[in-house]
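Where a number appears in this text, it was derived from the coordinates with a stated rule and is not lab data. Please read these numbers as outputs of a predicted model, since none were measured by experiment. Don't worry about glycine lacking a Cβ; one is built from the backbone with ideal geometry, like all the others, and counts go over all protein chains shown.
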Amino acid sequence: MALSALAAKPATAACRVRISAVAQRKILPARTIAGALEVPGDKSISHRYAILAAIAEGASEIGHFSAAADCRSTLDCFRRLGIEVDQRDDRVRVAGKGLAGLRGSRSALDAENSGTTMRLLAGVLAGQTFRSTLDGDASLRRRPMRRVIAPLAEMGARIRSREGGFAPLEIEGVALRPIEYTLPVASAQVKSAVLLAGLFAEGVTSVIENVRTRDHTELALEEFGAEVTREGRAIRVKGRPKLAGRKLVVPGDLSSAAFFLVAAMILPDSNLLVHDVGLNPTRTALLDVLARMGGSVKPVSVRSENGELVGDLSAQYAPLSGGVIEGAEIAQLIDELPVLAALGPFTEQGIEIRNAEELRVKESDRIAVLAENLRRMGARVEERRDGLRVEGRAAGKLRGAEIEPHGDHRMAMAFAVAGLGAEGATIIRDSECAAVSYPQFFETLDRLAER
C-alpha cells in the first residue's frame, strides 16, 4: 500500500556527511604505495553488534566500532528508540534493554544513506508493540525494500511503503510467527532482517540461501547467546532468546582495505601491511580473485576474536593477468567489485564482471557509473545489463580526468585508486561522500602514496 502522506515529505540530503556539493580532491600519479595502516572497523559487523547490543540485556562495550556515517545512523536510530548509547572515538557502550525494551519514536527513524540500517532495523521493528517509520535520504529512497518487506509480511508484519516497495517504511509491530524462507536473491541484509525478526517469534525461523552470503549476523547472534543452527544451506534461529550484553572488538573492514590492496597491485615496488583485518571466509573472495590473477596478498598472524577470524594482510606489487568474475563469487564480492573494475585497465587481459545486476541498485547504478568514469579516463568499456567488460593494458594507459561519483562512496574511492596509476591529475568531485564508509580515506591514501 502506498504511503502518500510520507511520500510527500521532502527527501533528506543525499549524503549528509558532505561538506559541499562541489567538494573535490585532486589525485596525482604515484610511483608506489608503501607502509602500514589500520582500516576502520568493519561496517557490517559494527551494525550487527550495535543492533544486538540494544536488544540484549545489560551493557555491551564495542571496541574499534566503525567510523562510517552509516553505522552512526544505526546508533542514532536506537537512541530515538530509547537506548542509551555512549560513543567516544571508536569505542561504543550500549545499555541494552532486552527484546521488549525498545520504545516508540515520535519522529521517523532516519537511516540516512544506510541500506543496512533500514533493512536490518525493519526486522527488529516488525516484532515490537508499537508503530515505527523508517526513512532515509534521496539515494536510500530509490533502493529496493520489497525484498525485505515480503518475508517480514509472511511473518505477520504490517508494513506500508511507497508504491513499488520504496522507503519510507511504516511498520506496525505485531506478534510474529516463524517461517522458512528461501532467499530469491543473494542478500546478507535480507537474510539478517528475517533472522532478527525471528528473535521475536515463538518457534524456529529458517532462512535458506542458494548462494552463501556473509555470515556476520549468525556469528554475532551466537556471541550474544542466541541459539543458531546450520544445516546445509539453511540457517535457523530459535525465537525469544535471552541475549546478554558482551564486550566485543570489531575487526578491520576488508572492504575498506580492498582499495589499498588494489593500489599495491597497480603501482610497482609497492609493499603494504594492513593490520587486524577481518578474514571471515564469507568475505575473503577478494583475496582469492587477486591470487588467481597473480597478485601477492598473504594473510599473517590469523586468530579468532568473537567468532570472527582476524589477521594482518601483507601485499606486494605483482603484474596481474585479469580475468572473469561471475556466479557465486559475486555475492561475496559485491562491495569490492567497483575497485576490481577500476583495476581492469592495469591488468593484462582486462576484467569482466558478470551476474552482478545487484550493482544497479546500490547507492548509485554502479555499473553505469563505473562505465561512465572509466571512459572519462580513456578506458575501453563494454557496459552490459548484468556487469561490464574493462579492457586491459593493451587498450592504453589511463589518463587523469574529472570523476563524478554520483554521491557513491565506493565510486569516489575506487577512482582515487585508479588515479594513482593514471597520467596526469584526477579530480574526484563530491569527494566527501567517501565518509559514508571511510572518513579518513583520502588522508590515509596521501600518507601511503609515494610520488
Exercise for the section: Name the residues whose placed amide hydrogens come within less than 5 Å of the amide hydrogen of Gly203, ignoring near sequence neighbours (fewer than 5 apart) on the same chain. Expected result: Gly239
Handout entry: segment 332-395: trypsin sites (Lys or Arg not before Pro) in DSSP coil with no more than 10 other Cβ atoms inside 10 Å
Key = Arg385
Fill in the blank from the handout: The whole-number value in µm²/s of the Stokes-Einstein translational diffusion coefficient for segment 36-81, with Rh from the Kirkwood sum over alpha carbon pairs at 37 °C and 0.692 mPa s, is 294
Exercise for the section: Work out which GluC sites (Glu not before Pro) in the chain are exposed loop sites (DSSP not H, G, I, E or B, at most 16 other Cβ within 10 Å) and give the longest gap free of them. Expected result: 1-162
Problem - From phi via Karplus (6.51, -1.76, 1.60), per-residue ³J(HN,Hα) for segment 165-181 in Hz, x at Gly/Pro - result: x, 10, 5, x, 10, 9, 10, 9, x, 9, 6, 8, 10, x, 9, 10, 10
Fill in the blank from the handout: Shape call for segment 319-416, from the Cα gyration tensor axes a ≥ b ≥ c (a/c under 1.5 means rounded, otherwise prolate when a/b beats b/c, else oblate), comes out oblate
Fill in the blank from the handout: Under the Karplus relation with 6.51, -1.76 and 1.60 and θ = phi - 60°, whole-Hz ³J(HN,Hα) for segment 320-331, x at Gly and Pro, equal 9, 7, x, x, 10, 10, 7, x, 5, 5, 4, 4
Completion exercise
Amide H contacts under 5 Å for Ala67, restricted to residues at least 5 apart in sequence or on another chain and with H modeled in the peptide plane, are Gly41
Handout entry: Cα centroid separation, segment 248-305 to segment 81-107 (Å)
Key = 33
Exercise for the section: Per DSSP H run of n ≥ 4, the term is -39500 (n - 2.57); total these for the chain, divide by its residue number, and report the mean residue ellipticity at 222 nm rounded to 500 deg cm²/dmol. Expected result: -8500 deg cm²/dmol
Handout entry: R0 of 35 Å, Cβ-Cβ distance Arg375-Arg146: FRET efficiency to nearest 0.05
Key = 0.60
Completion exercise
Counting only DSSP beta bridges with both partners in the chain, the antiparallel fraction in percent, to the nearest 5, comes to 70
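Determine the percent antiparallel among the DSSP beta bridges restricted to segment 67-176, to the nearest 5.
Among the beta bridges of segment 67-176, antiparallel pairing accounts for roughly 85 percent.
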Problem - Residues His275 and Ala394, FRET efficiency given R0 of 41 Å [Cβ-Cβ distance, rounded to 0.05] - result: 0.65
Problem - Shape category assigned to segment 43-249 from the gyration tensor of Cα positions, a/c cut at 1.5 - result: rounded
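How much length, in nm to one decimal, is gained on full extension between Val300 and Glu38, taken as 0.36 nm per residue of separation minus their Cα-Cα distance?
92.9 nm
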Practice task
Mind putting together the pair-distance distribution for the chain? All Cα pairs, 10 Å bins, whole percent per bin, short to long.
Solution key: 5, 22, 32, 26, 13, 3, 0
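Excluding same-chain pairs closer than 8 in sequence, count the lysine pairs in segment 43-249 whose Cα atoms lie under 22 Å apart.
7
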Exercise for the section: State the antiparallel share, in %, of DSSP beta bridges confined to segment 43-249, rounding to the nearest 5. Expected result: 75
Practice task
Enumerate the calculated ³J(HN,Hα) couplings along segment 305-314 in order (Karplus 6.51 cos²θ - 1.76 cosθ + 1.60, θ = phi - 60°), each rounded to whole Hz, writing x wherever the residue is Gly or Pro.
Solution key: 9, 6, x, 9, 7, 9, x, 9, 10, 9
